[in-house]
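Below is one structure, written out as structure tokens; comments come after it.
The values are calculated or read from the model by the stated rules, or taken from the named source; none is laboratory data. What you see is a predicted model, and the numbers here were worked out from it, not measured in a lab. Don't worry about glycine lacking a Cβ; one is built from the backbone with ideal geometry, like all the others, and counts go over all protein chains shown. The protein model used for the area step is the full one, side chains on, heavy atoms only, and it has no ligands, DNA or RNA in it. Shrake-Rupley method; radii C 1.70, N 1.55, O 1.52, S 1.80 Å.
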Amino acid sequence: MNKRIYLIAVLLWFLAIEAFLLFAKRSEASELERRKLNTFPELTADAYWSGDFTEGISNWFSDTVPMRDTLMEQAMTLMGAKGLAGGSGVVFVGVGTGAAPAENVQETEPAPVAAPSGIHSVADVWAPYEALVDEHDRQIAEEEAAKAHRNERIEKDFNGAVDDQYILAKNGIIVTGSGAQTRAMMLYGGNKDVAVSYAQMVNHYKEVMPKVNVYCMPIPTSIAYYCPAEALRYTGSQVDRINDMMETFSDDVVGVDIYSVLGEHTDEPIYSRTDHHWAPLGAFYAAQKFAEEADVPFMELSEYEEKHINNYVGTMYMWSKSQQVKDNPETFVYYEPTSLEYRTTYIDYVTQNGNPVKEEAPHDGHFFQKYPDGHSDAYCTFMGSDERITQVHTSTMNGRKLLVIKDSFGNAVPGYLFGSFQEVHVIDYRYFLRNVVEYVAEYGITDILFAHNVSHATTPYIVTCCERFLTR
Amino acid sequence: MIFADLFFIYIFLPAFALCTMIAHFADARDGGMRFQNAVLIVFSFVFYAWGEPIYVFLILAGVFVDYVCAMTGHERLAVAFHVLSLVVFKYGNLILATVEQAGGPAPLIDIRLPIGISFYTFQSVTYLLDVRRGVCEPQRNPFYLFLYIAMFPQLVAGPIVRYRTIERQIRSRHIRSSDLVYGVNRFLTGLAKKVLLANQLAELTAATLDTDPQMMSTGMAWLGIFAFALQIYFDFSGYSDMAIGMGRCMGFRFEENFDSPYLCASVTDFWRRWHISLGTFFRDYVYIPLGGNRVSGTRHIFNIMLVWLLTGFWHGAHWNYLLWGLYYGLLLIIEKYTVLKNAEPEDRALPARIAGHVASLFFVLAGWGIFYFEDFSRMGYFFRNLFFGNVVANDTLCAGLFRQNLFLLIVCVIACLPKPRKRLFSTASVPGIIWSVLLLTASTLLLIGATSNPFLYTRF
């Protein structure tokens, strides 16, 4: 065969891909990664000379490829061929690496690891190893500080979804089980100091607003209950961190300990198998415990209409890139109150690069969003987004008005409290531009509930954000 | 801009190819290369300015100095300029940090490393020293000198091309269809090495070597360093393949930079096969001018250690690279004065050759351990785990990672072997076409959404 035919054939295929990349409609958002894709960068002198503009063009072109999600699924299938499937064993993804499974997070530099003092020279390396061991505690502390700094720096830069990705990436993911028992979970790694800081931040709210009831409900992630024995050494103890918080809460702050409550229901679908969130049923048991602590009425599950979104595969597929997770979808079951009247008002945020910059005008909407079967955003059923303030006026006229300060785990809780509070306000710790004290005064809030998952609750960034709400 | 990037492959390269084609027809009238070289100069400028808008002035200044000094016989002055710029821009931060650690004033500036400075600086030095030695004439056209220094295929990560090897090609070159076939095939091979192998190995390397030192088992340490050895080979040789392939499509013939290095029979042999253009640079411009091996034994040892100290330090502004260079200097001296004193490896009996190969690989792998860890405490933990235990009875993570990457590792080991004499898939066959199309498609797929996957050697 003439070699020119090779040239023509490869060139034609190249041009076909080229035409597709240039002329097909570019993607704007990724359902798979739950994020808006890069936009074409703005040309400024600073952006040009720093290289951000040109780098932004390259990133935009790569990020907004037509049919991105479909092609990325094919890429993940391809990557899955690099080894043997997990079978019934445990598959680890990014465990202990600090490396992210998500592309955007890959751009960030690994945390600098501080050397123990005195180890600067070549000769020191060959000193007896015991000398290094002696420094171990100190080094770990320095590493934790470096990680904490990294947390703060990186989480500032990304929106909510990527923030969750970062938490996942930091500690790694494991995929366990097989078939319909497949479960993907993020490993946990939080330290005591940050847990105590978080609890102190909650105490501070009570000090600043003594007349308001303050509750804090740290939400365990699934690894706290479903970690197989062989992976225990790679994950930290969430119950220890929850206990650290409970011991730190002042007497007039109510710690809502749901660890044991959820532990009684682990044979029920209280956590998603394919998503990093819990399941609405888990949130129900948690809300029940909270209502008990807050001494408010609470509606039983029978008073809700059960709704299903079938063939649901959540975030863990994208982040673990595990075909096993994709091949074993689950049913997302949520509960919508039917015997209550309520009105939901949203105040959306305009965001730039994932950061809120201003509020839009309030508008009414549905608290429970509708998603078709197979949609990977099923967990967004509750309020649809983190980037908004939600205000629900209910027909429960008991004078109690609740403000939930939450992360995405907390989204699943408010829907069970419409029969418990006259008003339920929901704000996300990553998207709130007001002063929380003024907000509480303006709306006559009587109760504040902190509802964050334990992974988030043991990062310094959340403490910084929530403290800032008190003073801005 | 990097080669393994959708923007480069599908925007920059086609635009360059189109302009070159037009220039080719324009040049056909007088048989020269003026328009094609102009296109190459403009695109090389854009290529570098894309990633380094500020530092494009540094490279221009370097070319200006080279041009003036070579024309006026002040080559040493220009060499000093390049050494100084390398010290300032590459080692400035290290010097400032060392001063601070020694109790000096805290550094006020953070110097960003200009991409490719180690490579284009060395190209300038080879040009200047060759002119000084009379090996070649000074280039009278400053644009052509810029073309030699900053030609985009080999600008940021080599190979380090000697001026005398492409002097004629700058002025006159012919591009045959066989060159295009070879170049395209080589480019796609390099792209696949980088995207399909090196980038995937990078995940395994990170999952093993970046883990908590207390968590790293002996198995993890060996798996990790094995993965890194493969990663850096496919990353760097992939880049070289792409550079050589693009060069061939433009009519340039760059020399090979790798020759199946992991098949080496000795550590000395490894360095004859790994980053050949760097090894020959130090041999021709440092080692031989120092006297090479035609000096006393002590001086010979000094020459070797100096060359390897420089080789190590060239790789990065951290002390571990210095240690890495000294490690190889020591190994090479031991080899020269013991096992290689009387016979080259290929002259030995088969068992001795096999033993030599295994021992070489062991030392090369250990060397990558020094290379990988810039932090000495982590390096210490790593070598403890590698040699002295931390054996975990039920090492689930290591077993899982090995299992998850088994096929990748097998493919990589096979790909380290030398090319068979008879190509598996000839470019003049249907399987050859399908193979190239598959490589392009798979590489493109894996580049989607990949916003950053720089070549390891671009940071040197």
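Summary of values
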{"item": "Search result, residues across segment A:19-33 that are crowded, with 17+ Cβ neighbours inside 10 Å and either among the acidic types (D, E) or in the same structural domain as A:H375 (by TED's automatic domain parsing) (or both)", "result": "A:E33"}
{"item": "Selection count, segment A:224-260, where residues are within 14 Å of chain B (Cβ to nearest Cβ) and in contact with a Phe, Trp or Tyr (Cβ under 9 Å, 6 or more places away or on another chain)", "result": "5"}
{"item": "First in segment B:186-206 and at the interface with another protein chain (Cβ under 9 Å from one of its Cβ atoms), second anywhere and β-branched (V, I, T), Cβ under 6 Å, 6 or more apart", "result": "B:A206/A:T97"}
{"item": "Whichever residue in segment A:34-50 is under 18 Å from B:Y48 (Cα atoms) and open to solvent by less than 100 Å² (accessible area, probe 1.4 Å) and, among such residues, is nearest to the other protein chains (Cβ to nearest Cβ)", "result": "A:Y48"}
{"item": "Among residues of segment B:403-430, those that are within 12 Å of another protein chain (Cβ to nearest Cβ) and modelled with pLDDT of 85 or more, counted", "result": "8"}
{"item": "Count - residues of segment A:58-74 that are part of a helix (DSSP H, G or I) and either facing chain B (nearest Cβ under 7 Å) or of a type in the set (D, E, K, R) (or both)", "result": "11"}
{"item": "Residue in segment B:248-260 that is surrounded by fewer than 19 Cβ atoms within 10 Å (Cβ to Cβ), acidic (D, E) and more than 29 Å from B:Y144 (Cβ to Cβ) present", "result": "yes"}
{"item": "Matching residues in segment B:153-206 - criterion: being more than 22 Å from B:I434 (Cβ to Cβ) and of a type in the set (G, A, S)", "result": "B:A157, B:G158, B:S172, B:A198, B:A202, B:A206"}
{"item": "Hits in segment A:435-450 - residues which are within 18 Å of A:T221 (Cα to Cα) and open to solvent by 10 Å² or more (accessible area, probe 1.4 Å)", "result": "none"}
{"item": "Segment A:1-28: number of residues that are within 8 Å of chain B (Cβ to nearest Cβ) and assigned to a loop (DSSP other than H, G, I, E, B)", "result": "2"}
{"item": "Unmet criterion (only one of (1) closer than 22 Å to B:T208 by Cα; (2) more than 18 Å from the chain's Cα centre (by Cα)) for A:K206", "result": "(1)"}
{"item": "Conditions (1) surrounded by fewer than 24 Cβ atoms within 10 Å (Cβ to Cβ); (2) within 28 Å of B:G51 (Cβ to Cβ): number failed by B:K193", "result": "(1)"}
{"item": "Test: residue in segment A:451-462 that is modelled with pLDDT under 95, open to solvent by less than 20 Å² (accessible area, probe 1.4 Å), closer than 20 Å to A:V350 by Cα and not aliphatic (A, V, I, L, M)", "result": "no"}
{"item": "All helices (runs of 4 or more DSSP H) inside segment B:1-94 with 3 or more residues being away from chain A (no Cβ under 14 Å) and buried (at least 19 other Cβ atoms within 10 Å of the Cβ)", "result": "B:34-51, B:56-72"}
{"item": "Which numbered condition A:H366 misses (of (1) in contact (Cβ under 8 Å) with a residue 24 or more places away in the chain; (2) loosely packed, with under 15 Cβ neighbours inside 10 Å)", "result": "(1)"}
{"item": "Residue count for segment A:248-266, restricted to those that are closer than 13 Å to A:P218 by Cα and open to solvent by 40 Å² or more (accessible area, probe 1.4 Å)", "result": "4"}
{"item": "Qualifying residue in segment A:388-402 (condition: among the charged types (D, E, K, R) and within 23 Å of the chain's Cα centre (by Cα))", "result": "yes"}
{"item": "Those residues of segment A:51-66 which are farther than 20 Å from B:R112 by Cβ and either open to solvent by less than 10 Å² (accessible area, probe 1.4 Å) or in contact with a strand residue (DSSP E or B) (Cβ under 8 Å, 6 or more places away or on another chain) (or both), in sequence order", "result": "A:F61, A:S62, A:D63, A:T64, A:V65, A:P66"}
{"item": "Segment B:309-318, subset part of a helix (DSSP H, G or I) and within 14 Å of chain A (Cβ to nearest Cβ), residue nearest to B:L84 (Cα to Cα)", "result": "B:F313"}
{"item": "Unmet criterion (only one of (1) within 14 Å of B:F252 (Cα to Cα); (2) touching a residue at least 60 places away in the same chain (Cβ under 8 Å); (3) open to solvent by 10 Å² or more (accessible area, probe 1.4 Å)) for B:E167", "result": "(2)"}
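The rows are residues; the columns are (1) modelled with pLDDT of 90 or more; (2) in contact with a Phe, Trp or Tyr (Cβ under 9 Å, 6 or more places away or on another chain); (3) within 14 Å of chain A (Cβ to nearest Cβ).
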{"site": "B:N320", "(1), (2), (3)": "yes, yes, yes"}
{"site": "B:G329", "(1), (2), (3)": "yes, yes, yes"}
{"site": "B:N342", "(1), (2), (3)": "no, no, no"}
{"site": "B:P345", "(1), (2), (3)": "no, no, no"}
{"site": "B:F362", "(1), (2), (3)": "yes, no, no"}
{"site": "B:A366", "(1), (2), (3)": "yes, yes, yes"}
{"site": "B:F373", "(1), (2), (3)": "yes, yes, yes"}
{"site": "B:S377", "(1), (2), (3)": "no, no, yes"}
{"site": "B:R384", "(1), (2), (3)": "no, yes, yes"}
